[in-house]
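Here the structure is laid out as structure tokens; the discussion comes afterwards.
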Amino acid sequence: EAGVTQSPTHLIKTRGQQATLRCSPISGHTSVYWYQQALGLGLQFLLWYDEGEERNRGNFPPRFSGRQFPNYSSELNVNALELEDSALYLCASSLVNRAFSGANVLTFGAGSRLTVL
Amino acid sequence: SQELEQSPQSLIVQEGKNLTINCTSSKTLYGLYWYKQKYGEGLIFLMMLQKGGEEKSHEKITAKLDEKKQQSSLHITASQPSHAGIYLCGADSKAGGTSYGKLTFGQGTILTVHP
């Protein structure tokens, strides 16, 4: 069974540009999560998508956005890139939906490293 | 919002030694997850604890959730170089029995094991 796959592995952009990161969840998983792991800041929750809708959002500005497609894959868009957006962006998937109350084991991808120059 | 504090922030041990990593929450833990990360890579799920007093083991790693459900510990017995990496605890944020679908993570503990 294929795990969570992310692309690209590495991405280099300059300030002001836009970046698009992609994620394919484990087959059968309907929820996709995006996390940012910046140096010294730990793992920060960005976005949660389930069944094509945004269900929860972390404390990030609106220039961080995304969507989930009918096949449950997802993309994260970061507009007007700033130097501090340089980080490892991790995608995870699970079977949880917004009404679920129980274990929520997230399976993570290997990440996309975004460097903003 | 819930905050998780891990201690120590980093740990250097000699191969064969035992070690413990702690994770303390500012609020009641409804689900506590332990992950391991190799530098610059994704997270690998280790164990999940939900009930106060619960203890789980896998190979040489044991995780416990205290009775009050505000602290968890991860214990590695007879450490090996393969145990090296970053250990992160993550917690479910729940209210009224409904998951908000995100995990809050601690800052991580960097473990180095010298052969």
Using just the Cα positions, wrap chain A in a convex hull and report its mean projected area in square nanometres, one decimal place. 7.0 nm²
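Let's see if you can work this out: charge +1 on each Lys and Arg Cβ, -1 on each Asp and Glu Cβ, no other charges. What is the dipole magnitude of chain A about its Cα centre, in debye to the nearest 20? If you can, show how the numbers build up before the last one.
Working: 9 positive and 9 negative charges, 40 e Å.
So the dipole magnitude of chain A works out to roughly 200 debye.
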How many nm separate the modelled label positions at A:T115 and A:R63, each set 7 Å beyond the Cα in the direction of the Cβ? 2.0 nm
Once you put a point 7 Å from the Cα of B:H114 and another 7 Å from the Cα of A:T9, both along the Cβ direction, what distance in nm separates them? 3.2 nm
Scattering profile of the protein assembly as shown at q = 0.16 Å⁻¹ [log10 I(q)/I(0), Debye over alpha-carbon scatterers]: -1.13
Cβ-derived FRET efficiency at R0 35 Å, A:Q17 paired with B:H75, nearest 0.05: 0.15
Let me confirm one metric for peptide A:46-57, namely the mean number of other chain beta-carbon atoms within 10 Å of its residues' beta-carbons. 2
Taking every residue of A:15-25, the Cβ atoms of other protein chains inside 10 Å of its Cβ average out to 0
When the charge dipole of region B:21-113 is computed with +1 on Lys and Arg Cβ and -1 on Asp and Glu Cβ about the Cα centre, the Cα farthest towards its positive end, among B:N22, B:T77, B:L111, belongs to B:N22
Take the Cβ-Cβ distance between A:A80 and B:S82 as r, set R0 to 41 Å, and report the resulting FRET efficiency rounded to the nearest 0.05. 0.45
Once fully extended, how much extra length lies between B:T62 and B:K38, figured as 0.36 nm per residue of separation less the alpha-carbon to alpha-carbon distance? 6.7 nm
Using 1/(1 + (r/R0)^6) with R0 = 35 angstrom and r between the beta carbons of B:E15 and A:L95, what's the FRET efficiency to the nearest 0.05? 0.40
About its Cα centre, how strong a charge dipole does the protein assembly as shown have in debye, to the nearest 20, once Lys and Arg get +1 and Asp and Glu get -1 at the Cβ? 100 debye
Just add up the charged neighbours of A:S86: K/R +1, D/E -1, any other residue whose Cβ is under 11 Å from the Cβ of A:S86. 0
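Quick note: the coordinates plus some simple rules give every number you see, no bench work behind them. Quick caveat, the model's predicted, so the values are computed rather than measured. Neighbour counts run over all protein chains shown; Cβ positions are idealised from the backbone, glycine included.
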